[in-house]
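Everything below concerns the one structure shown next.
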Amino acid sequence: NDLDAPRISFWTLALDREIARNTVASLQYAGAHGHDLFTVPNINRPGSALAFTGVGGPTARLNTGLSPIFFLNSNGRSNYNAFIADVTNSTWRTLGLSFTARYRFAKALDNVNPFISENFNVGLSGTPFTANSLSPFDTTNDYGPSDFDVRHRFIGSLIWEIPYRFDTGCCGGGNGGWRNRFLSGWAVTGIFQAMSGFPFNVFDCRGALTPETPCPRALIAPGIDLGDIRNGAGSSFPDATIPNRFNFLGPGNFTLATTPTTVFPPFPTNTIGRNFFSGPGFWNIDMGISKRFRFSENTSLQFRGEFF
């Protein structure tokens, strides 16, 4: 009866300045906050009786007379903050060149699984689904980087229509002659983008006793400094016995959740956070080179090559 409707608030602030003719630089801040977003935890998972009351077997439920109870709440939240810097030009010094360049540093956090939110109605229609909130009564435990959290992104584009044209007849006559036909009508286009990687989780599914039990996040082994890994040291650490050698973070650097209660709070202090690790970055270039032959005011032919 007291379920609140989800709300999302947006705000932006921008400072623009013309730094040269037809060239505008912009500094922007963009933010968003999600209030009362839907979460659908399973509050009657196997093992919940032992975890919260201390009695029962490893797969006993809080309510032994019922199956899974997917409880609809409005305690989800999200936050997004971004700094954006860009430069845009329409006609650079009459050279026929226009370009844009934009860099974005952003951070997106939430405690909501988009799949569960989008497919809640599917679950109501009779198709079963599994809520993957690790803590059914404490959604703050799942608060972390969003699945789409990309911290750094740059994108640049250009269009260069080479401004070459003879206005007088020469060397063949008509429309400036062969030099005009050969040297005019060229254009180069391109888009370049580069971005850091998407976050991902590391789970230890060996502690999941039933299909309803979400896989707990992995426990990091003693001696591994998560702060260094998250804040720029990468997924490697120095070898304690051999100088100048670094080991990649692998299965041996995680410990096993040995008891059924580790899939419920309170979780061990060495449990990694949601979407703690980041995947590899990505970049790509798309280019085009074209030559246009104009035969009349209404007729032209273009040859174009695309490179990806």
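Annotations for the structure displayed:
- Take the Cα of Leu15, step 7 Å toward its Cβ, do the same at Leu3, and the gap between the two points is 4.5 nm.
- Ordered from largest to smallest accessible area (heavy atoms of protein chains, 1.4 Å probe), the residues Met287, Met195 come out as Met287, Met195.
- DSSP-assigned coil residues among trypsin sites (Lys or Arg not before Pro) in segment 8-115, each with at most 11 further Cβ atoms within 10 Å: Arg21
- Annotation: for a label point projected 7 angstrom from Cα along Cα→Cβ of Thr94, no residues of segment 9-26 have a backbone N closer than 11 Å.
- Overall form of segment 36-81 per C-alpha gyration tensor (a/c, 1.5; a/b vs b/c): prolate
- In this label model, Asn79 and Met195 are separated by 2.3 nm, measuring between points 7 Å along each Cα→Cβ vector.
- Residue-span extension gain [Glu306 to Ala187] - 0.36 nm each, minus C-alpha spacing: 41.6 nm
- Spin-label model, Ser26/Ile69: points 7 Å from Cα along the beta carbon direction are separated by 5.1 nm.
The values are calculated or read from the model by the stated rules, or taken from the named source; none is laboratory data. Quick caveat: nothing in here was measured; it's all calculated off a predicted structure. FYI the Cβ positions are ideal-geometry reconstructions off the backbone, even for glycines, and counts take in every protein chain you see. Protein only, heavy atoms only, side chains kept; ligands, DNA and RNA dropped before computing areas. Shrake-Rupley method; radii C 1.70, N 1.55, O 1.52, S 1.80 Å.
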